[in-house]
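A quick write-up on the structure given underneath.
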2 protein chains.
Amino acid sequence: MPCRCSLCRGDAGKPLPAFLAAAAARPDPARAAVVVGGYSARVDASFLDAVPSVRFVFSTGAGVDHIDLHECARRGVAVAVANSGTVYSTDVADHAVGLLIDVLRRVSAAERFVRRGLWPVQGDYLLGSKLGGKRVGIIGLGSIGSLIAKRLEAFGCIIHYNSRKPRDSVSYRHFSNVRDLAAESDVLVVACALNKEAHHIISKDVLDALGKDGIVINIGRGPNIDEAEMIRALKEGRIAGAGLDIFENEPKVPAELWSMDNVVMTHHIAVFTSESRSDLRDTTIANLEAFFSGKPPLTPVLPW
Amino acid sequence: MPCRCSLCRGDAGKPLPAFLAAAAARPDPARAAVVVGGYSARVDASFLDAVPSVRFVFSTGAGVDHIDLHECARRGVAVAVANSGTVYSTDVADHAVGLLIDVLRRVSAAERFVRRGLWPVQGDYLLGSKLGGKRVGIIGLGSIGSLIAKRLEAFGCIIHYNSRKPRDSVSYRHFSNVRDLAAESDVLVVACALNKEAHHIISKDVLDALGKDGIVINIGRGPNIDEAEMIRALKEGRIAGAGLDIFENEPKVPAELWSMDNVVMTHHIAVFTSESRSDLRDTTIANLEAFFSGKPPLTPVLPW
């Protein structure tokens with residue numbers, strides 16, 4: 001049987017409203033929607049109005065901030081996401097640790113130095129900062145945050161964390177307040193989901209509590225950080241550096257960051273490994289097969 | 001008492017022979033020599049002939065390939081090095097892991113992409129490769145190699161190693177032959193000292209055994225790798241990438257490497273953290289104090 005998805009039927013490249021209208025107008029209108037990534041489409045009332053036949057939404061992204069879960073629940077639309085499994089968590093945790101080592105040990109800055117052929121000419125060296133003994137404050141000790149903690153423990157880092165409630169299963173020090181966590185940390189790692197409370201959770205106040213030797217790592221969501229305040233703090237030397245996989249207005253990265261040697265930036269690639277792509281493909285197909293067989297989704301956010 | 005070292009006495013900047021001659025010609029000729037790094041001076045017969053009053057050599061470098069230990073032993077010159085302690089090991093291990101994550105997850109390549117402002121224009125993404133499950137073959141399971149293994153275990157890597165003899169204290173799989181290790185590994189990490197047997201231990205043969213998906217990390221010594229063969233293998237896609245802190249003819253880095261996106265290069269900075277510098281200063285002073293008090297060196301290579 002040929003594939004009957006909207007892309008294979010020739011709707012690729014259409015603007016979203018036309019794409020949804022085409023899916024709704026078919027004799028067998030779309031019953032499931034696969035949403036790729038966090039920024040391509042918002043699944044909200046108008047999306048669901050456009051294709052009222054959709055009863056199942058699967059998101060391949062690692063967050064649900066682009067899905068109006070209340071609206072889906074109200075309409076009885078089931079929602080599943082790839083990140084309910086472990087598809088992304090280890091890759092994101094690995095990337096966070098990579099960014100931290102890079103910032104502390106100045107790998108990308110050294111890279112630029114070597115590739116410009118400056119080593120034989122200037123003989124400069126870059127003095128980094130040791131991982132061991134650093135107090136790392138993790139905001140959000142979910143699956144990703146926990147894996148970051150486990151990795152950094154092997155480097156001799158001291159783990160603190162912030163979450164709504166302390167976890168019984170860990171011995172790390174808990175802080176109910178992010179400002180207090182920042183004041184007791186050398187590094188802050190943002191590993192929480194984006195919701196109303198977590199918007200600009202890294203504020204000017206938190207950055208000042210972290211202080212001039214402090215480093216911020218963000219693999220959560222761009223708007224978790226007040227980006228303008230972070231850039232100001234970096235420029236004024238009120239924090240020491242940052243490792244960022246995500247930005248407040250992607251794909252726009254403020255040009256002021258481009259020339260900073262103490263900042264390491266990647267373009268939202270923390271989940272991009274060939275292994276996770278193939279896991280994701282399997283998870284997506286398995287969820288769709290379950291839905292079309294009348295079975296519960298395998299990695300649900302909202303109950304079937 | 002003012003410092004009486006040759007630098008403080010005004011001999012800084014002299015070429016080495018003149019510097020040594022001045023140290024030997026003083027009424028109280030130099031009794032101890034501090035050698036900075038691995039490439040500034042070779043402590044060999046002619047060095048020791050030039051300042052025959054020297055009875056103690058302290059090297060701040062992480063290796064002893066620049067010190068003729070047999071010649072020192074024959075003359076009864078004690079030798080101590082900073083790396084006998086743990087001054088460098090953790091920093092070098094951290095740097096090795098950082099290079100590996102960077103190569104696998106393409107951090108520096110992504111960095112260049114973002115800093116050129118290409119993200120909004122091209123929308124490209126770089127597909128990396130997962131750390132978990134990678135078989136990492138470590139050549140040399142000394143203090144640095146062991147710390148690398150410990151760190152990579154936390155990422156879910158499978159550790160193999162090569163050393164002259166198997167270690168009873170570890171459960172990792174031992175290979176007595178580097179070619180066999182390469183054939184069973186996805187990543188090779190060079191963490192051994194440089195000696196006659198380890199010169200070009202990463203040969204064409206070993207690179208071919210590692211294969212087209214394989215990655216080489218070098219934090220040992222430049223000449224541990226046959227650099228020309230490695231560059232050829234990278235150009236021809238016979239290996240997948242490399243992370244290099246050291247090079248065969250430092251500070252010269254072959255220009256062919258400068259434009260390769262699958263290579264991450266730093267300029268021999270694996271030991272450069274502000275913490276290790278201050279540890280090093282303390283270790284150096286403590287060894288000199290011990291020597292001048294007639295006590296044994298604290299971190300000896302050759303017995304007092």
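Residues to consider are A:LYS252, A:LYS295; find the one that is out of contact with any Gly (no Cβ under 8 Å at 6 or more places or on another chain) and assigned by TED's automatic domain parsing to the domain that holds A:VAL107.
A:LYS252
Return the residue satisfying two criteria in turn: it lies in region B:86-108 and is under 12 Å from the mean Cα position of the chain (by Cα) and more than 7 Å from chain A (Cβ to nearest Cβ), and of such residues it is nearest to A:HIS267 (Cα to Cα).
So, considering only residues that are under 12 Å from the mean Cα position of the chain (by Cα) and more than 7 Å from chain A (Cβ to nearest Cβ), the one nearest to A:HIS267 (Cα to Cα) is B:ALA96.
Which number in (1) assigned to a helix (DSSP H, G or I); (2) crowded, with 21+ Cβ neighbours inside 10 Å; (3) in contact with a helix residue (DSSP H, G or I) (Cβ under 7 Å, 6 or more places away or on another chain) marks the one condition that A:GLU71 misses?
Looking at each condition in turn, A:GLU71 falls short on (2).
Report, ordered by the first and then the second residue, all pairs with beta carbons closer than 9 Å, sequence separation of six or more or different chains, a first member in region B:6-20 that is surrounded by fewer than 11 Cβ atoms within 10 Å (Cβ to Cβ), and a second member that is assigned to a loop (DSSP other than H, G, I, E, B).
Partner pairs satisfying both residue conditions: B:CYS8/B:PRO2; B:ALA12/B:SER6.
Suppose we filter region A:110-138 for residues that are hydrophobic (A, V, I, L, M, F, W, C), under 26 Å from A:ILE158 (Cα atoms) and either part of a helix (DSSP H, G or I) or at the interface with another protein chain (Cβ under 7 Å from one of its Cβ atoms) (or both); how many remain?
Result for region A:110-138: 3.
Identify, please: which residue in region B:225-261 is within 11 Å of another protein chain (Cβ to nearest Cβ) and touching a residue at least 40 places away in the same chain (Cβ under 8 Å) and is, among those, surrounded by the fewest Cβ atoms within 10 Å (Cβ to Cβ)?
Step by step, filter region B:225-261, then rank; the result is B:ASP261.
If you go through region A:276-304, how many residues are free of Cβ contacts under 8 Å to residues at least 60 places away in the same chain and within 20 Å of B:ARG106 (Cβ to Cβ)?
Residues flagged as free of Cβ contacts under 8 Å to residues at least 60 places away in the same chain and within 20 Å of B:ARG106 (Cβ to Cβ) within region A:276-304 amount to 2.
Just need a number here: residues in region B:152-174 that are within 14 Å of chain A (Cβ to nearest Cβ) and either of a type in the set (S, T, N, Q) or assigned to a strand (DSSP E or B) (or both).
1
Out of the residues in region A:262-302 that are in a helix (DSSP H, G or I) and facing chain B (nearest Cβ under 8 Å), which is surrounded by the fewest Cβ atoms within 10 Å (Cβ to Cβ)?
Applying the filter and picking the extreme gives A:SER274.
Can you name the residue in region B:124-145 that is farther than 20 Å from B:ASP186 by Cα and either of a type outside the set (Ser, Thr, Tyr) or not assigned by TED's automatic domain parsing to the domain that holds B:ASN162 (or both) and, of all such residues, is nearest to the chain's Cα centre (by Cα)?
B:GLY142
Do the conditions hold for A:ALA149, that is, is it within 14 Å of chain B (Cβ to nearest Cβ), free of Cβ contacts under 8 Å to residues at least 24 places away in the same chain, surrounded by fewer than 23 Cβ atoms within 10 Å (Cβ to Cβ) and among the small types (Gly, Ala, Ser)?
yes
Based on what the data block shows, is A:VAL187 surrounded by 22 or more Cβ atoms within 10 Å (Cβ to Cβ), β-branched (Val, Ile, Thr) and out of contact with any strand residue (DSSP E or B) (no Cβ under 8 Å at 6 or more places or on another chain)?
Spelling it out, it is not the case that A:VAL187 is surrounded by 22 or more Cβ atoms within 10 Å (Cβ to Cβ), β-branched (Val, Ile, Thr) and out of contact with any strand residue (DSSP E or B) (no Cβ under 8 Å at 6 or more places or on another chain).
Going by the conditions given, is A:VAL170 β-branched (Val, Ile, Thr) and surrounded by 19 or more Cβ atoms within 10 Å (Cβ to Cβ)?
When the stated conditions are applied, A:VAL170 does not pass them.
Report, by residue number, each residue of region B:93-141 that is in contact with a strand residue (DSSP E or B) (Cβ under 9 Å, 6 or more places away or on another chain) and among the hydroxyl-bearing types (Ser, Thr, Tyr).
B:SER108, B:SER129 - these are the residues of region B:93-141 that are in contact with a strand residue (DSSP E or B) (Cβ under 9 Å, 6 or more places away or on another chain) and among the hydroxyl-bearing types (Ser, Thr, Tyr).
The values are calculated or read from the model by the stated rules, or taken from the named source; none is laboratory data. Nothing here was measured: the structure is a model prediction, and the numbers come from that model. When we count neighbours, we look across all protein chains shown, and the Cβ atoms used for this are built from the backbone with ideal geometry, even at glycine.
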